[in-house]
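**Student:** One structure, as structure tokens, below. Some questions next.
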Amino acid sequence: KKGDFDHFMKKEIHEQPDSLTTSMRGRLKDGVVGLGGLKDHMRTIRRSRRIIFIGCGTSYHAALAARPIMEELTDIPVTMEIASDMLDRKALVFKEDTAVFVSQSGETADTLLALDYALENGALCVGVTNTVGSTLARKTHCGVHINAGCEIGVASTKAYTCQIVVMVMIALAIGSDKMSTLAKREAIIAGLIKLPEKVRDVLKLDGEMKALAESLIKEQSLLMFGRGNNYATALEGALKVKEVALMHSEGMLAGEMKHGPLALVDEHLPIIVIATQDDSFSKQQSVIQQLHARKGRLIVMCSKGDVNLVCPDGNSRVIEVPQIVDCLQPIINIVPLQLLAYHLTVLRGYDVDQPRNLAKSVTTQ
Ligand code: F6R
């Protein structure tokens, strides 16, 4: 079933142009997003005081990636909850809330317990899952299937990018009654149509990412700095590296760098800085300058053609990726990091599809 690929993770990374197409199929018609599973609840969602995104691991990261556009298009504040933490804190949930549960398997124990808790507190509960008939799909009031196709590798890859696409479509659907964001919505829909082709394009970095992995194979640690739309990319890239390549890796909010992590910077520790074009670009440029001033060992991810803007002295390694509308950029940017995690794992001799101590679906608390 792996076809021409050595591992499911590699197959699933390379399937993303197709899985994204499937996720969008039948849902984008004449510039309008139609999500049958939410139609009957749209009035309630639009009237909610707050949207809460809830998930674990990669699914939480997908929600985090979609948070900026959800707020921008809906004008509803979005708060983030890791399912276990929501339960630990007995977080406040109100009847006026819409709680969106994100889970590839639809069977993650923490997420399902958080769902029971939100149902008890009277919130409208929406499911975003890849598994038709799962407990999450059955217990939520309404929802949208990701349709990424079956994911076998323990490390989630294609489900992540499809989850983001689905949540962007949810944001478009909720915000479709607002004239003020019409131009942005049109730009996003145009971006969605081009997305599979751009993902195909970024997959061509496979060889480059293998070479990068070769240069990092003996490292103890790898940091990733992102912000805004790509804070989630840094967290998710680092999670992939730690869970499959068994290498310490941390994703960090670049805005927090000077509040502590800067102390780690020296000429040895590799740091990936995500600096593709969007509203945060100039802030990321100054982060790069500050890291250079401390002789940081940088690998900068930038939009195609921006090498001179992010690395004027030619003193860092650069990963150039295709540019797309800001809220879809995390889908492009995660692909080279998935490839990097994959190659690091194979080169370090670990099991890519069955990482040590991990299971595909975490059904215990
Ligand atoms: C990481 C990974 C996990 C899952 C998490 C939630 O690659 O797969 O972090 O994302 O266990 O699983 P689901 O999405 O099935 O609820």
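The values are calculated or read from the model by the stated rules, or taken from the named source; none is laboratory data. In this text the structure is predicted, and so the values were computed from the model without any measurement. Methodologically, a virtual Cβ is constructed for each residue, glycine included, from the backbone with ideal geometry; neighbour enumeration extends over all protein chains shown. For the accessible areas, the whole protein counts, side chains as well, though only heavy atoms, and no ligand, DNA or RNA atoms are used. Shrake-Rupley method; radii C 1.70, N 1.55, O 1.52, S 1.80 Å.
**Student:** Evaluate the relative contact order of the chain (contact order divided by residue number), counting alpha-carbon pairs under 8 angstrom at least 6 apart; express in whole percent.
**Tutor:** 20 percent
**Student:** Now a separate question. For residue 283, which lysines qualify as cross-link partners when the Cα separation must be under 28 Å and same-chain residues fewer than eight apart are set aside?
**Tutor:** 184, 194, 198, 240, 242, 258, 295, 304
**Student:** Moving to a separate point now. Length gain on complete extension for the stretch residue 295 to residue 211, per 0.36 nm per residue less the alpha carbon to alpha carbon distance?
**Tutor:** Result for the pair: 28.0 nm of gain on full extension.
**Student:** Also, quick follow-up: Below 12 angstrom from the Cβ of residue 352, what's the summed charge of the other residues (Lys, Arg +1; Asp, Glu -1)?
**Tutor:** Local net charge: +1.
**Student:** Rounded to the nearest 20 debye, what is the charge dipole size of the chain about its Cα centre when +1 sits on each Lys and Arg Cβ and -1 on each Asp and Glu Cβ?
**Tutor:** In total the dipole reaches around 420 debye.
**Student:** Would you work out which of 137, 126, 86 lies farthest towards the positive end of the dipole of segment 64-159? Charges go on Cβ: Lys and Arg +1, Asp and Glu -1.
**Tutor:** Checked the options; the winner is 137.
**Student:** Roughly speaking, what is the stretch gain from residue 263 to residue 88, that is 0.36 nm per residue apart minus the C-alpha to C-alpha distance, in nm to one decimal?
**Tutor:** 59.8 nm
**Student:** Go through 57, 238, 264 and say which Cα lies farthest out towards the positive end of the charge dipole of the chain; charges sit on Cβ, +1 for Lys and Arg, -1 for Asp and Glu.
**Tutor:** Most positive-ward Cα: 57.
**Student:** Rounded to the nearest 5, what is the percent of antiparallel bridges among the DSSP beta bridges in the chain?
**Tutor:** Percent antiparallel among DSSP bridges in the chain is about 5.
**Student:** Treat segment 159-234 as a sphere of radius equal to its Kirkwood radius over Cα pairs and apply Stokes-Einstein at 37 °C in a medium of 0.692 mPa s; give the translational diffusion coefficient in µm²/s, rounded to a whole number.
**Tutor:** Calculated translational D: 213 µm²/s.
**Student:** Can you list, largest first and rounded to whole Å, the semi-axes you get for segment 87-213 by taking the square root of 5 times each eigenvalue of its Cα gyration tensor?
**Tutor:** 30, 22, 13
**Student:** Something else about it: Of all beta bridges DSSP finds with both residues in segment 12-171, what is the antiparallel percent, to the nearest 5?
**Tutor:** If I count the DSSP bridges inside segment 12-171, around 10 percent turn out antiparallel.
**Student:** Still on this structure, please answer the following. Grab every C-alpha pair in segment 302-345, bin the distances at 10 angstrom width from 0 up to the longest one, and report whole percents.
**Tutor:** Percent of Cα pairs in each bin: 26, 44, 29, 1.
**Student:** Determine by what factor the alpha-carbon radius of gyration of the chain differs from 2.2 N^0.38 Å, reporting the quotient.
**Tutor:** Expressed relative to 2.2 N^0.38 Å, the Cα Rg reads 0.95.
**Student:** Any number yet on Rg/Rh for segment 21-86, C-alpha, Kirkwood?
**Tutor:** 1.00
**Student:** What per residue convex hull volume, in Å³, comes out for segment 168-211 when only alpha-carbon positions are used?
**Tutor:** It is 78 Å³ per residue.
**Student:** How large is log10 I(q)/I(0) at q = 0.27 Å⁻¹ when the Debye formula is applied to the Cα atoms of segment 292-365, each weighted equally and without solvent?
**Tutor:** So the normalised log intensities work out to -1.17.
**Student:** Express the accessible area of the chain per residue in Å², computed with a 1.4 Å probe while the remaining protein chains stay in the model.
**Tutor:** 42 Å²
**Student:** If we sort 312-318, 47-53 on the protection proxy, mean other Cβ atoms within 10 Å, highest first, what's the order?
**Tutor:** Most protected by this proxy first, the peptides run 47-53, 312-318.
**Student:** Moving to a separate point now. Using only Cα atoms, what Kirkwood radius does segment 1-45 have, in angstroms?
**Tutor:** Computed over segment 1-45, the radius equals 13.1 Å.
**Student:** What helices in the chain pass both tests, a Cα length along the helix axis of 27 Å or more and a mean Kyte hydropathy of -1.0 or higher, using whole DSSP H runs?
**Tutor:** Those that pass (Cα extent of 27 Å or more, hydropathy at least -1.0) are 182-202, 329-348.
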